[in-house]
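The structure under discussion appears below in the form of structure tokens.
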Amino acid sequence: MNEHNPDDRSEARELRRDEREAARARHSADEQAAREARERRVREERETARIIALDDALQDREAASDAPGAAGERDAQLRAQAEAREAERILQLEDDERQGAQQHSGPARRQPLPEDVPLNRHTEDETIGLFGARKKSFSSEYHLTRRSKVKRLHQIGKIAVQFDALKGLTPVKMRLMFEALGPTFVKVGQILSMRSEILPQLFCDELAKLRADADPMPYSIVLETLENEYRRPVDEIFAKIDPTPLGSASLAQVHRATLLTGEDVAVKVQRPGVRETMAEDVSIMRSLARGATKIMHNAQVVDFQGVVEELWDTFDEETNFLNEARNLCEFKRFCEHYAYMDCPTPYVDLCTEHVVVMEYIEGIPIAHTRELLDDGYSLKEIGTKLVDNYASQILDAGFFHADPHPGNIEIRGGKIVLLDLGMTGRLNASTRAALKQMLFAVAKQDSAGLADALLRFAGTAINHTDYPSLLADLDGIIDEFGTVDLADLDLAAFLAQLTQMARRHGIEIPSSVTTVGRALVTLEGLLDKFIPNVNMIQIISKHIAASKTNVESVTDELKTLAVESHEALHSALKSMSEANTALHMLTRGELRMNLELVSSEEPMRQLSDMVNRLTMALIVVGLFIGSSIVYYAGMKPIIFGIPAVGFLGYLAAFVLSMWIVFDIYSKKRQAKRRARK
């Protein structure tokens, strides 16, 4: 019989004990993992429920604001607002936790886009439904959610509170606040600087100083963006890229680089996500503009929705760098006709929606007047040629550089080089003709000609406008600006007053003309600061006068005369036909005539008030006389010694008399207030 060694038995027991402890540890670990998984699922479900609650609350709030007023809607709206605030607070805390976790674990690196993902969102395949193609909404196109808009609105509110926006903003504080709010509001400020009907002139002048300068984005993000755009390593395209940017704006950043073929180029790279940020801000502005439009029903109030849409059109054009590449190509063809003008040559094959590659220009900035003089340049010649060419861009070609500030103009090899054609303007033939007519009308102090030019913008017939009032306002502008010397003409003030007056009369000047005004004011400021001896308005007037030879002028006059004669002949024949119809109706007793007196509303209203007061006075006199007759008749019952009927008559006469006196007094006060305005 085999006997076991005691040591072997104890070793076996220890081994079994270790196995049991290991099994218990594994079981405990499994239970802990299962418990954590359950808690994670519950947390995710709770997060999902809170997000849904936020979404539902916002939808309820929007539905309550659009629906007609009802007693229970206020309570529902308050509940929705409370739920939205609570959900927003929870989501903000969760975002902070995630950010803290990311800081501990290190920054997350953006992965390159896969090969099958299209670069341009507009070229993605659209789905086709049973009833046609399904169009993408603005929010889905730019991946906007209510949560992201609420978060962005919260950020805007915090910055506004930092600048005490609720207590009031000075011009300088407004400019600084717009700079802090980011690229969208920088553009808003630049556009508002030319909209003096929205802001006072002091604010417009301060906002005109806005520049989209920003802190440089890291060089690694620049390389990553280039790789994502080109789908290949950067060193397969560029031999060298200077890590130090030439310039950094809120929209893009520019680096000097060298192609593999040896050419020096400037690479303009768009900041990642800037287009989506702008789209988010514009979506918020649209909601605010809709609310302002519902509150302000007066037709004279500024069209806020139109301003927001104009703003988005500008964003949409500037954030698609393919537009800038096309502008460079078109302006390069324009410069072929001028030996002293040039612009960078674009490398079209390397341009994408977010990157534009162009020739590197190494010249002298126009602001460095000392260097220009040392190199033998004449500042007056530079300014004269620049303004004359600008007049050609606007009035002849109808395609012009819309932002000619000093940083966008350099001198190289005897040529004026215009940079950064991301902002350009276009004018059709009719708009250019109207602009020329306006300039000639101001020079000749012709109010009627200036009015006709403005009405060409409006597309409104003269008989549909309060023409005498329009002429009176234009006479005031002509008296103020038409009599001064061209060298002393304040172009910004002239354009601001003309724009305000036009909108006051319902004449909506096209945004392209507003762009022309902003560009001319920018160019005028450049000349005043660096080349003060050049008179821009005088050069433009001479350009218009010399733009046609005598033969061309006579030919144009003959064409105009032929067209007007043709229209006059047809109008005469039509008038004869209408006169025949009127005579036929007159002989049958069917002729009726509607008569409308221009500017007759105020006299007719005053006449109506006079007739009403006279009628009330006659009623008061009748009541006094009738009550006196009743008094002497001694009719019963008696009140205060006066027959009741007579007492009521006296009382009614007294009340009506006081009403007439009060009406006369209030109308006089209103008239005085209107006179002061």
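The values are calculated or read from the model by the stated rules, or taken from the named source; none is laboratory data. Note that the structure is a prediction, hence the values are computed from the model and not measured. Glycine also receives a Cβ, built like all others from the backbone with ideal geometry; neighbour counts cover every protein chain displayed. For the accessible areas, the whole protein counts, side chains as well, though only heavy atoms, and no ligand, DNA or RNA atoms are used. Shrake-Rupley method; radii C 1.70, N 1.55, O 1.52, S 1.80 Å.
Looking at Asp403, Asp316, can you tell me which residue is without any contact (Cβ under 8 Å) to a residue 40 or more places away in the chain, under 30 Å from Asp281 (Cβ atoms), open to solvent by 20 Å² or more (accessible area, probe 1.4 Å) and in contact with a helix residue (DSSP H, G or I) (Cβ under 9 Å, 6 or more places away or on another chain)?
Going through Asp403, Asp316 in turn, the sole match is Asp316.
For the stretch 142-165, state whether one or more residues are farther than 23 Å from Glu280 by Cβ, assigned to a loop (DSSP other than H, G, I, E, B) and under 24 Å from the mean Cα position of the chain (by Cα).
Yes, some residue in the stretch 142-165 is farther than 23 Å from Glu280 by Cβ, assigned to a loop (DSSP other than H, G, I, E, B) and under 24 Å from the mean Cα position of the chain (by Cα).
Could you pull out the residue among Ile625, Ile639 that is free of Cβ contacts under 8 Å to residues at least 12 places away in the same chain, under 30 Å from Ser608 (Cβ atoms) and over 60 Å from the mean Cα position of the chain (by Cα)? Outline the logic, then answer.
On the way: Ile639 fails: under 30 Å from Ser608 (Cβ atoms).
Within the list Ile625, Ile639, the selection yields Ile625.
Per-residue answers, yes or no, for (1) modelled with pLDDT of 80 or more; (2) open to solvent by 30 Å² or more (accessible area, probe 1.4 Å):
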{"residue": "Leu474", "(1), (2)": "yes, no"}
{"residue": "Val484", "(1), (2)": "no, yes"}
{"residue": "Gln497", "(1), (2)": "no, yes"}
{"residue": "Arg504", "(1), (2)": "no, yes"}
{"residue": "Glu508", "(1), (2)": "no, yes"}
{"residue": "Ser511", "(1), (2)": "no, yes"}
{"residue": "Thr515", "(1), (2)": "yes, no"}
{"residue": "Lys529", "(1), (2)": "yes, yes"}
{"residue": "Ile537", "(1), (2)": "no, no"}
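For the stretch 229-288, give me each residue that is open to solvent by less than 10 Å² (accessible area, probe 1.4 Å), polar (S, T, N, Q) and within 14 Å of Gly182 (Cα to Cα).
none
Working only within the stretch 568-610, note down all residues that are under 27 Å from Leu471 (Cβ atoms), open to solvent by 100 Å² or more (accessible area, probe 1.4 Å) and at pLDDT 70 or above.
Met604, the sole residue that qualifies.
Could you list, in sequence order, the residues of the stretch 319-370 that are farther than 21 Å from Leu246 by Cβ, assigned to a helix (DSSP H, G or I) and open to solvent by less than 20 Å² (accessible area, probe 1.4 Å)?
Residue satisfying the conditions is Cys335 alone.
Within the stretch 381-391, how many residues turn out to be open to solvent by 10 Å² or more (accessible area, probe 1.4 Å) and within 13 Å of Leu526 (Cα to Cα)?
2
For the stretch 163-195, give me each residue that is without any contact (Cβ under 8 Å) to a residue 24 or more places away in the chain and at positive phi.
Correct list: Asp164, Gly168.
Within the stretch 416-441, can you find the residues that are open to solvent by 40 Å² or more (accessible area, probe 1.4 Å) and part of a strand (DSSP E or B)?
Arg426
Report, by residue number, each residue of the stretch 633-653 that is modelled with pLDDT of 75 or more and part of a helix (DSSP H, G or I).
Hits for the stretch 633-653 are Ala644, Val645, Gly646, Phe647, Leu648, Gly649, Tyr650, Leu651, Ala652, Ala653.
Can you find a residue in the stretch 134-147 that is at pLDDT 80 or above, surrounded by 14 or more Cβ atoms within 10 Å (Cβ to Cβ) and within 30 Å of Thr522 (Cα to Cα)?
Looking for residues that are at pLDDT 80 or above, surrounded by 14 or more Cβ atoms within 10 Å (Cβ to Cβ) and within 30 Å of Thr522 (Cα to Cα), one finds none in the stretch 134-147, hence no.
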